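See structure below.
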Amino acid sequence: MSLADREKWDAKYHEASAGPSTPSAALVELADWLPQSGRGLDLAGGAGRHAIWLAKRGLTMTVADISPVGLKLARQRAAVAGVSLSTVRCDLDSEQAVPEGPWDLIVVVCFQCRHLLTRMRAELAPGGRLVIVQPTVTNLTRHSRPSAQYLFKDGELRRLAESLFHVLHYHEGWSADDRHDAVLVAEKR
């Protein structure tokens, strides 16, 4: 990400509301597919809303994000919630950005990560789970953002994942978050 991107996210997290503090409904719906112990990584996790929820479920969580302001907010929110989590500042637009594992769970919600799939596979433990929730181009029929460059084409995520992972669950459709999401749960064999 560019300096401008980091500054944009820092500004967003400086705002009083700083975005939602509860996990995405699309992620919560996947609870039965998620481990409840082990090491978890939330890529592009910002202020930690997903990592905190996963930590409450029993995972040892790390949040990776470009924004030091978002990561500070994640640590503060985790303390208030009574859980601990680690944070790592990293540029996720780099193909080497995925923090070193092995991870039992990697979660990516609303971040275009096609360029990181191979790296995520390398950092997952055998049997580790990958969860991706990302809007598709169909989302543009209701919403002007995010723009097409940040969206999966319909069916694209499944096709990409099948070459690297064992797909356990896949769905595309309008979510409770009012996005047309591609939702993937996959496992490293």
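Computed from the coordinates by the stated procedures, all read-outs in this text should not be read as laboratory data. This is a predicted model, so every value here is computed, not measured. Because the Cβ atoms are built from the backbone with ideal geometry, glycine has one as well, and the counts that use them run over all protein chains shown.
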- [ ] Name the longest site-free stretch of the chain, where the excluded sites are GluC sites (Glu not before Pro) in a DSSP loop with no more than 16 other beta-carbon atoms within 10 Å.
- [x] 101-189
Open item on the list: Give me, ordered by chain and number, the residues 5 or more places off CYS90 or on other chains with an amide H under 5 Å from its own placed amide H.
Closed with: ASP65, ILE66
Task: Distance in nm between pseudo-label sites at ASP32 and SER147 (7 Å out along the Cβ direction from Cα) - done: 4.0 nm
Task: Cα-centred dipole magnitude for the chain, charges only on beta-carbon of K, R (+1) and D, E (-1), debye, nearest 20 - done: 240 debye
TODO: Please compute the net charge surrounding GLY127, taking Lys and Arg as +1 and Asp and Glu as -1 over other residues with Cβ under 12 Å from its Cβ.
DONE: +1
TODO: Please work out how many pairs of lysine residues in the chain are eight or more positions apart (or on different chains) and have Cα atoms closer than 30 angstrom.
DONE: 9
- [ ] Give me the number: length gained by fully extending HIS166 to THR60, i.e. 0.36 nm times residue separation minus the C-alpha to C-alpha distance, one decimal in nm.
- [x] 35.8 nm
- [ ] Kindly write out, for the stretch 184-189 in residue order, the coupling ³J(HN,Hα) from the Karplus curve 6.51 cos²θ - 1.76 cosθ + 1.60 (θ = phi - 60°), rounded to whole Hz, with x marking Gly and Pro.
- [x] 10, 10, 9, 10, 7, 7
TODO: Starting at the first residue of the stretch 161-173, write each ³J(HN,Hα) from the Karplus equation 6.51 cos²θ - 1.76 cosθ + 1.60 with θ = phi - 60°, in whole Hz, x for Gly and Pro.
DONE: 5, 4, 7, 10, 9, 8, 7, 8, 8, 8, 8, 10, x
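So how do LEU164, LEU85 line up by other beta-carbon neighbours within 10 Å, fewest first?
In increasing order of surrounding Cβ atoms, one gets LEU164, LEU85.
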